[in-house]
Amino acid sequence: MKSKKDLKNIQRQTKSGHKTPKTTDIALNATSSDRYLLAGFFLMALLPFLVFSRSVSCTFYISKSAIFAWAWLIFGLPSLWLSWKNDSADRLNTPLTFSLIAFVLALVLSTIFSITPLISLFGVYERQLGLMTQIQAICMAFLTVIILKDRHKIYLFADILIVCGAINAVIAIFQFFGMDFTGFNIPLGTHAYGLQGQPDLFGSVMMFAVFLNFGRLFATDSLIKRLIFGSSLFVQTLGVLFSLTRGAWIGYLAGFFVFIALLGVSLDKERRKYYIKFILVSLLLILMVSIGIVFIFRDFFVPRIMGLLHLKGTAQTRLILYEETLRFCLNNTINGHIFGIGIESFRRAFMPFKPLRLSQLEPNVNYDDPHSNYLGILAKTGIIGFLIYAAIWWFALKLLVGIFRQTHSNNERLFLAGLSAALFAYAVDNITIFDTAASMVFFYVFLGIIISWHYIITAEKDTPVKKAVRTGQIKAGAGRTGWPFTALFAVMSIMVIINSIYYLKAWAADNKFLYGLGNVKYYETNLRGNPYYHNKPFFMERTLTLLNEAMSENPVESQYAVYYSLASNDYYDALKDINKKAAEYQVREGIKKVIGYKDTTWEPENLYLAMATAYLKLNDIDNAIKYYRIIVDDWDHQNFYTRYNLAHTLVMRADQEMAQRNSIAAKNDLIDALSQLKKGETVIASSEGQKLFRPAYDKMLGLEKEVKLRLKNI
């Protein structure tokens, strides 16, 4: 702690015209704890962007959320504890911070009033963005403010993010040409997603790296750095282009024009002319390269471009999905669900609401998300959560405008232009896609950078004494941040520990499920019809053991139970000729397991389908019909496969009723079967639907003809 004499010296220096040291200079004299905080922060922010593991079935979802949770346990909690001793909470005193806290409360209320609270708490199997993971992501904004407390650290983070973006882009380019470093066999031109799992998820994370790259490229005066940043930018641009993701293309263009606009209004006249010329030349080169690539690979690019221009294919489907989601949200709000349906509960709530016209464009598609981050927030957190999320963007914009007005350095304004363009490009891209662990973390880190930069500028304009306190030359009297920060640390500790334990179990469970699922697929492909393989029962027993262990490790996940039931059916086929009673017992065990998830599953149509199939194995036609009917009546009205299966099972029961000389009941079942077939045919009645699902459509027509013939004979 500085003495009174030191304090007077600082004041005397200021009066005589000398400047106090910049925060940038102080950052270079980092302590070991500062280095630990910085390294831990970089790992927490960047691991979801870079890491995945094939030892789990959802390699790009479970692994990223799990690693993020564990990084919080190892680095996040100690960082909070260390910052608790340092008066860093003063930096968080902005409207943007309070809006983030309000959004956390909205997420909590959404989970409390969720239609499936467990799913909202832990997350859907295929995305893993439950309440706890989202709160950890939001708290990255606070850690950013606390740890990236000077320009030097912010620039260092930006540079590392740019490198990580270039790595992802290089992998994506190779993936486009059928060479996937992640170990998946993919054909030419179908997948380019870096380390993000699928192309749709690639664009939103790349927007952050690309436009920070723009800012750093134009802000540096070093020729070597310009070559490095320029090469990275070129590779990243190619990666976005080869992803074939139209939302990412539009986001890139939107961010690019915002960057140019910010250069036009924020730089001095001479530098503005120089950079605008440079950008226009660069744009011309990018256009020439892009046109050449599109021409060479026109079979892949032209359908995507034409679908966007004429609003056909998935572009048309998305617009209808957005319209129906808005109608769905309006109905929920009118019915009093102001906090939404709950995080990650969209599929369970929306599928019964799904209209026929949407099903005709995308038959048998189950929507886990409305494919728009904003509509997803509106549906999941309600009008309250959506308004708070809009307030986050509003306060971020206000802070950015204020920072631009108070920043006079051209280089700093160039970096801020890149930061602003990155957020804008991300915002545009998120119109057509949902968040992932990586993109969500980046978004909140960027918000934290805005708050931190605002604080840096404010501190520099303070009095010498206040500045000395804020920059660490003199410690504040209290030395503590009081009970709010203590409460935050306690709550975060409990939540992070629970989430870390959950992901330890989820990882172990999914690893076993991965092998069990592989066994099921291998049996159905290679062993089921093989008369020379005599160890089928033993093979399926081992599979059932793996799936049962997965359920024990993670009892939250319903998909394990669904596949356990399906594996039980395969076990029945393998064992029925040897020990039919034991085979039937196992099928009933599968039913018992799966029925326990009927109120908590995120995929009710698959759960009831597994039950209907199991009852057919037991020759319990009445129960099979009951559960087929639940699917089409209560959950997925336009599931034409289930309509066909229901019709086929009704015909089976009609045969039994005719054998019992109950012609009235048989006629009713046949009429019902005919109705089910008509409804199923309506879903794929369009020329496109018949083209995609011709075998299914022909089977329906064949069964319809048979049913009509039987009705004539009654």
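The values are calculated or read from the model by the stated rules, or taken from the named source; none is laboratory data. What you see is a predicted model; the values in this text were computed from it and never measured. In this analysis, Cβ positions are derived from the backbone assuming ideal geometry, glycine residues included, and neighbour counts consider all displayed protein chains. Ligands, DNA and RNA are excluded from the accessible area calculation, which covers all protein heavy atoms including side chains. Shrake-Rupley method; radii C 1.70, N 1.55, O 1.52, S 1.80 Å.
Computed from the C-alpha gyration tensor, the three semi-axes of the ellipsoid equivalent to the range 58-215 are 31, 23, 13 Å, from longest to shortest. On a 0 to 90 degree scale, rounded to 10, what angle separates helix 483-522 from the longest Cα axis of the chain? Result, in degrees: 40. Counting only Cα atoms, the range 565-666 measures 36, 36, 19 Å along its principal axes, largest extent leading.
The Rg/Rh ratio for the range 598-657 is 0.98, where Rg is the radius of gyration of the alpha carbons and Rh is the Kirkwood radius. Annotation for the range 76-143: trypsin sites (Lys or Arg not before Pro) lying in DSSP loop with at most 16 further Cβ atoms inside 10 Å of their Cβ are 85. Orientation-averaged projection of the range 540-584 equals 2.9 nm² [convex hull of Cα atoms, one quarter of hull surface area]. Close amide-amide hydrogen proximity is noted between residue 57 and 514, each under 5 Å apart and 5 or more residues distant or on a separate chain (H modeled in the peptide plane; Pro and chain starts excluded). If you wrap the Cα atoms of the range 47-141 in a convex hull and average its projected area over all directions, you get 7.1 nm².
Helices in the chain, meaning DSSP H runs of at least 4 residues, each add -39500 (n - 2.57). Divided by all residues, the mean residue ellipticity at 222 nm is -24500 deg cm²/dmol.
Descending by average beta-carbon neighbour count within 10 Å, the peptides 263-274, 420-431 line up as 420-431, 263-274, the highest first. Close amide H contacts of residue 189 (hydrogens built in the peptide plane, cut-off under 5 Å, sequence separation of 5 or more or a different chain): 177, 178. In this Cβ point-charge picture (+1 for Lys and Arg, -1 for Asp and Glu), the chain has a dipole of about 2300 debye about its Cα centre. From the P(r) of the range 309-360, can you give the percent of Cα pairs sitting at distances over 18 Å? Summing the P(r) of the range 309-360 above 18 Å gives 37 percent of all pairs. Counting every C-alpha pair in the range 141-206, the share spaced more than 17 angstrom apart comes to 50%. The Kirkwood radius of the range 93-178, taken over pairs of alpha-carbon atoms, gives through the Stokes-Einstein law at 10 °C and 1.306 mPa s a diffusion coefficient of 100 µm² s⁻¹.
Against the chain, whose longest principal axis comes from its Cα atoms, helix 559-575 is set at around 30 degrees. Averaging over all projection directions, the Cα-based convex hull of the range 279-404 occupies 11.4 nm² in the image plane. If you take all other residues with their beta carbon under 13 Å from the beta carbon of residue 191, and give Lys and Arg +1 and Asp and Glu -1, the sum is -2. Couplings 3J(HN,Hα) of the range 594-611, computed from phi: 6, 5, x, 9, 4, 8, 10, 5, 8, 10, x, 5, 6, 4, 6, 5, 4, 5 Hz, in residue order, whole Hz [Karplus 6.51 cos²θ - 1.76 cosθ + 1.60, θ = phi - 60°; x for Gly and Pro].
Largest accessible area first, the residues 53, 32 order themselves as 32, 53 under a 1.4 Å probe with ligands, DNA and RNA left out.
Overall, the accessible surface of the range 504-655 at a probe of 1.4 angstrom is composed of carbon and sulfur to the extent of 49 percent. Cross-link partners for residue 699 among the aspartates and glutamates, with Cα-Cα distance under 13 Å and sequence neighbours closer than 8 places in the same chain left out: 681.
Restricting the trypsin sites (Lys or Arg not before Pro) of the range 555-614 to loop positions (DSSP other than H, G, I, E, B) with no more than 16 neighbouring Cβ atoms within 10 Å leaves 576, 598. Packing here is the average count of other Cβ atoms within 10 Å per residue, and on that basis the peptides 323-329, 619-625, highest first, run 323-329, 619-625. In whole percents, the pair-distance distribution calculated for the range 226-356 from its alpha-carbon pairs, binned every 10 Å from zero, is 10, 27, 23, 21, 16, 4, 0. Protection proxy ranking, highest mean first, for peptides 434-440, 403-409, 503-509: 434-440, 503-509, 403-409, where packing is the per-residue count of other beta-carbon atoms within 10 Å, averaged.
Principal-axis analysis of the Cα atoms of the chain puts helix 640-659 at an angle of about 20° to the longest axis. Volume per residue of the convex hull around the Cα atoms, evaluated for the range 330-421, comes out as 126 Å³.
Rg/Rh for the chain (Cα atoms only, Rh after Kirkwood) is 1.04.
For the range 165-182, backbone phi angles converted through the Karplus equation (6.51, -1.76, 1.60; θ = phi - 60°) give residue-by-residue couplings of x, 5, 4, 4, 5, 4, 4, 4, 5, 4, 4, 4, 8, x, 10, 9, 5, 7 Hz, Gly and Pro being listed as x. The percentage of C-alpha pairs in the range 494-616 whose separation is greater than 24 Å is 28%. Each residue of the range 430-440 is assigned a 3J(HN,Hα), and the resulting list reads 6, 5, 10, 8, 9, 6, 10, 4, 5, 5, 5 Hz, derived from the Karplus form 6.51 cos²θ - 1.76 cosθ + 1.60 (θ = phi - 60°), x at Gly and Pro. Grab the other residues whose beta carbon is less than 12 angstrom from that of residue 245, score K and R as +1, D and E as -1, and report the net. Surrounding charge for residue 245 is 0.
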